[in-house]
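**Student:** The structure under discussion is supplied below as structure tokens; questions concerning it will follow.
The values are calculated or read from the model by the stated rules, or taken from the named source; none is laboratory data. Since we're looking at a predicted model, the values are computed, not measured. Note that we place each Cβ from the backbone using ideal geometry, even for glycine, and neighbour counts take in every protein chain shown. These area figures cover heavy atoms from the full protein model, side chains too; ligands, DNA and RNA do not enter into them. Shrake-Rupley method; radii C 1.70, N 1.55, O 1.52, S 1.80 Å.
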Amino acid sequence: MYWFGGFSGPTDALVLPVGAHFPLREKENLWSVGPWFVDEEQTARDQVRQVAIFGPCGNTEAELHSLVANGVPDDVAYAWPGSYTVVELTSSGTTIWTDLGGACPIYVLERDGGAMWASSSRALAALTGQRIDWDRMAVYLVAPGITPLTDGRSMFADIRHIPAGHRLFLPRRGAPVCQRVWTPTPTARTVDLRTELASAVAVRLNSSAMPTADLSGGFDSTALCLLAAEQLQPDLTIRGVTVHPKGITSGGDMDYARVAANRPGIEHHLFPLDEKHAPYGRLENVPITDEPAPSTIAHSRFAAQLRWMQEAFGSDCHFTGDGGDALLCTPPVFLADLVRAGKIPRMYRDAVRWARVRRWKVGPLLNGAFGTARSDPRQALHRVAGVLAGGLPAKANNGGVSWYPQLPVPAWATKDTRAMASRLAREAAERTAPATSGPITPGYVADVMAEVGRTARADAQLAESYGIPLHNPFVDSRVINACLSLDLEGRPGPAEYKPLLRDALGDLLPGKLAGRLTKGCFNADHFAGLRAAQSTLLDLVDGRLADRGLVAPDRLRQTLAQAAAGLPVANACVDPVVSAEAWLLALDTAPAVKWTDAAPGNE
């Protein structure tokens, strides 16, 4: 596992990870651990400060030295293309700037009068016995996606997560200081999304000899593959990989992928899926990550594809379109922004169009738009707390237009689980500032993207264990900042399917693909996998979550049986508990990160 970190505090409290490399050599309070695929560590120094950049970053050497000479500005996280963390060391302490997309998460452990920090929560948790934050786990199980409930928390007790778009200062002595330094500012009518995405792709290609990319036939992965092919050197190609059911090589997504792949610079490869790649398979083999990875349920397919790409191509850079949906699809809460701005005619038109797309009644959407516009996030979080506690109905008549996503509380959730999550919701409400008159949508999307980026890091850790660096350019800071700079007039309504991307790549997307208005559905594979894995899944019912009283085993068995039978059970009622049990199993069996009190020499 590759990770980096450091320490700020009294030197007698210093401990070091085994196998540490010191980018600044004699500075033992900054290190990296483990092999990495490309050179993604940059350092420079003078007599006053030392600066390090970790991760893919499109800066020049002169710009790096400018940070040393002039200091690090607070917009450094989105100054250049890429996903990276910037660290500054001075005589007063260590300052860290987190990226906007959460793809480079930073964690802190305060101990012995100082602070350890790292890009891996599990690495720090080895110092505290890898104790789980069960309150955080409860939210993961029953209220995923409601980000205020987990602000500052990791999956490990006492390991604090630093939010995206923040500056963290760790003084030599004293408590850490964390401050938000970026807020989405919608001022632009249009954005140059193509330039930002192309630059994000180019940063990775610069150090890649054998790039690969998902080529699903959808907008997001196809856009990245086409942008990569456009920028490759004449002697290089990118391998576009399309997964498909064995024996089915045409129709649906396959046809879109074939059309997109018919471009210079793309070498198209098909990866057939059979029963051994079904969802919910081989969960006992999921590698350890900092938190349950989004690809846990699909691990059989994901791992097989990664191994195949490594063996067949020696992939040293793999692109996925993760994050594209969350960034490019306008959420329904945008209707409330139109109400706040007095754009009632447009709100009504957008609501009607969205209702037609989803085959819903328009009335609940209108109720939600006006109700949310008149409310504030504090009220919304108190309602979330009431729903989780069981005192309020799970769904208001708002058509999904709300401050926070509203998912059904699973039937297998115990009273204790609901109470733990409800308490965190009440605490979040108390620390949440009252709403201003500004738009809701930019902050909503920013929070979602930070969640997507952080969990995508867990997927990247999975891929790392199979020898492949995974990249998600849609969660890059500059890409996010550009998309969230759109003002009310420039932002499309929720019924429009990614017009920003379609317009940005108008001359690059094949006409057939540019006209696509939906994405593929994999429900049949999902249910088949559930049925095939029933016996294995039932073995998880009496696992660690049940031991902690977070899961009612009898009700979970019933939920799994209903889902396998194809009855209407939301994935959110099955997947989190399965992913959590797989992650806890991996945590119990994987070796912990090793630390030592003995500082190595400074050769």
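**Student:** If you average over every viewing direction, what projected area does the convex hull of the Cα atoms of the stretch 88-165 give, in nm²?
**Tutor:** For the Cα atoms of the stretch 88-165, the hull's average projected area reads 5.8 nm².
**Student:** Could I ask something else about it? Put one equal scatterer on each alpha carbon of the chain, apply the Debye formula with no solvent term, and list log10 I(q)/I(0) at q = 0.07, 0.08 1/Å to two decimals.
**Tutor:** Log10 I(q)/I(0), no solvent term: -0.42, -0.56.
**Student:** OK, next. Considering Cα pairs under 8 angstrom that are at least six residues apart, work out the relative contact order of the stretch 1-119 and quote it in whole percent.
**Tutor:** 26
**Student:** Let me ask another. Enumerate the aspartates and glutamates that Lys246 could reach by cross-link, defined here as Cα to Cα under 19 Å, with residues fewer than 8 away along the same chain left out.
**Tutor:** Cα-Cα hits under 19 Å: Asp214, Asp255, Asp274, Glu275, Asp525.
**Student:** Moving to a separate point now. P(r) for the stretch 528-603: what percent of alpha-carbon pairs falls in each 5 Å bin, starting at zero?
**Tutor:** Histogram of Cα-Cα distances, whole percents per bin: 3, 13, 22, 20, 12, 7, 5, 4, 4, 4, 4, 2, 1.
**Student:** Per DSSP H run of n ≥ 4, the term is -39500 (n - 2.57); total these for the chain, divide by its residue number, and report the mean residue ellipticity at 222 nm rounded to 500 deg cm²/dmol.
**Tutor:** For the chain, the value works out to -11500 deg cm²/dmol.
**Student:** How high is the relative contact order of the stretch 388-524, given as a whole-number percent (alpha carbon pairs under 8 Å, six or more residues apart)?
**Tutor:** Contact order relative to length: 15 percent.
**Student:** Where does the stretch 240-322 land on Rg(C-alpha)/(2.2 N^0.38 Å)?
**Tutor:** Taking the Cα Rg and dividing by 2.2 N^0.38 Å, one obtains 1.19.
**Student:** Right, next: When the label point is put 7 Å from the Cα of Lys415 along its Cα-to-beta-carbon vector, which residues of the stretch 363-403 have a backbone N closer than 14 Å?
**Tutor:** 389-391
**Student:** Between Thr190 and Ala433, what length comes free when the chain is fully extended (0.36 nm per residue of separation minus the Cα-Cα distance, one decimal in nm)?
**Tutor:** 84.5 nm
**Student:** Also, quick follow-up: Between Rg and the Kirkwood Rh of the stretch 160-317, both from Cα atoms, what is the Rg to Rh ratio?
**Tutor:** Reported Rg/Rh, Kirkwood definition of Rh: 1.07.
**Student:** Could you pull the Cα extents of the stretch 1-158 along its three principal axes, largest to smallest, in whole Å?
**Tutor:** 48, 37, 30
**Student:** Right, another one. Given the C-alpha centroids of the stretch 17-73 and the stretch 320-365, what is the distance between them in whole angstrom?
**Tutor:** Cα centroid to Cα centroid, the span is 43 Å.
**Student:** On to the next question. Kindly sort Trp354, Trp412, Trp308 by accessible area of their heavy atoms, largest first, with the probe set to 1.4 Å.
**Tutor:** Putting Trp354, Trp412, Trp308 in descending order of accessible area: Trp308, Trp354, Trp412.
**Student:** Starting with the highest mean, order 92-103, 340-351 by the number of other Cβ atoms within 10 Å, averaged over the residues of each peptide.
**Tutor:** Answer by packing, highest mean first, reads 92-103, 340-351.
**Student:** DSSP loop (so not H, G, I, E, B), at most 13 other Cβ within 10 Å: list which trypsin sites (Lys or Arg not before Pro) in the stretch 1-94 pass both filters.
**Tutor:** Arg25
**Student:** At a 1.4 Å probe radius, which order do Leu127, Leu501 fall into by accessible area, largest first?
**Tutor:** Result, largest first: Leu127, Leu501.
**Student:** Follow-up. Defining a contact as two alpha carbons under 8 Å apart and six or more residues distant in sequence, what relative contact order in percent does the chain show?
**Tutor:** About 20 percent, as a whole number.
**Student:** For the stretch 91-230, what is Rg from Cα atoms divided by 2.2 N^0.38 Å, rounded to two decimals?
**Tutor:** 1.33
**Student:** What is the gain in length, in nm to one decimal, between Arg349 and Ala126 on full extension, counting 0.36 nm per residue of separation less the C-alpha to C-alpha distance?
**Tutor:** 74.9 nm
**Student:** Can you run phi through the Karplus equation (6.51, -1.76, 1.60; θ = phi - 60°) for the stretch 243-252 and list ³J(HN,Hα) in whole Hz, with x for Gly and Pro?
**Tutor:** So the Karplus estimates, Gly and Pro as x, are 8, 7, x, 4, x, 10, 10, 8, x, x Hz.
**Student:** Another question about this same structure. 7 Å from Cα along Cα→Cβ at both Ala312 and Thr249: what's the point-to-point distance in nm?
**Tutor:** For the pair Ala312/Thr249, the computed spacing is 1.2 nm.
**Student:** Can you give the extra length, in nm with one decimal, that the chain gains between Val259 and Gln558 once fully stretched, where that is 0.36 nm per residue apart less the Cα-Cα distance?
**Tutor:** Contour length minus the Cα-Cα distance gives 103.2 nm.
**Student:** For the full complex of protein chains and a 1.4 angstrom probe, list Glu427, Glu275, Glu61 by accessible area with the highest value first.
**Tutor:** From most exposed to least exposed: Glu275, Glu61, Glu427.
**Student:** What do you get for Rg/Rh over the stretch 1-89 if you use C-alpha atoms and the Kirkwood form of Rh?
**Tutor:** 0.96
**Student:** Sticking with this structure for a sec: At each listed q (0.18, 0.19, 0.24 Å⁻¹), what is the log10 of I(q)/I(0) that the Debye formula gives for the stretch 123-203 modelled as equal alpha-carbon point scatterers?
**Tutor:** -0.97, -1.00, -1.13
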